[in-house]
Amino acid sequence: MGHLAYGSRYPLLMGLICAVTFQRQGRLYYADPGSLQLSVGDQVLYPTEDGAEVAEVMWAPQWVSEDVGGLPVLAGLAGDEDLERGETSRKKRAAARVAARKLIREHELPMKVSGVDYVTRRTARRSTSPPRTGSTSGPWSATCRPPCTDGSSCASSRPATRPG
């Protein structure tokens, strides 16, 4: 809980945050709206390792009583060019998901596609972590996982593959 104002039983408000998502019904990512005046449904630019990505505001900016320092600051409202790039990326991710499922089926592999990401920046990144199962090099990669043995969808065990 935040600190109390002198002579008050109400906490001081410490930070302004909002929540965005990269896809409908997707995971929420918290951000600092900066000086932007946002409403639910606005398309904004969320900073990621691969540059700013288009995200939709799902939770309008709100003052909170906790110290929320360290959240990424939104880069601004998405323009027409950003929205077009986001739509192109969405279509390429869908095509990559179909291609990954086809390859899994053709090779009779015991796995499912759990996430697909399309990266427009073509710079190679080195990682000290081991490669993920099913990862490929190139502008897109699919993350696969073995199917659940208990028959559930395993949605709760899906790894976070967005900014972090």
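The values are calculated or read from the model by the stated rules, or taken from the named source; none is laboratory data. Predicted, not measured: the structure shown is a model, and the values here were computed from it. Cβ placement follows ideal geometry from the backbone for every residue including glycine, while neighbour counts extend to all protein chains displayed.
Scan segment 71-93 residue by residue and report those that are β-branched (V, I, T) and within 17 Å of D42 (Cβ to Cβ).
Keep residues of segment 71-93 that are β-branched (V, I, T), which gives 73, 88.
Passing the criteria: only V73.
Residues in segment 70-88 that are touching a residue at least 40 places away in the same chain (Cβ under 8 Å) and out of contact with any strand residue (DSSP E or B) (no Cβ under 7 Å at 6 or more places or on another chain): how many?
Number satisfying all stated conditions: 0.
Please report, ordered by residue number, the strands (runs of 3 or more DSSP E) entirely within segment 27-91 with at least 2 residues that are loosely packed, with under 13 Cβ neighbours inside 10 Å. Can you show your working first?
Numbers: elements: 29-31, 43-48, 51-64.
Once the strands (runs of 3 or more DSSP E) in segment 27-91 are filtered for at least 2 residues that are loosely packed, with under 13 Cβ neighbours inside 10 Å, what remains is 51-64.
If I filter segment 92-125 down to residues being surrounded by fewer than 17 Cβ atoms within 10 Å (Cβ to Cβ) and of a type in the set (S, T, N, Q), which single residue comes out as modelled with the lowest pLDDT?
T123
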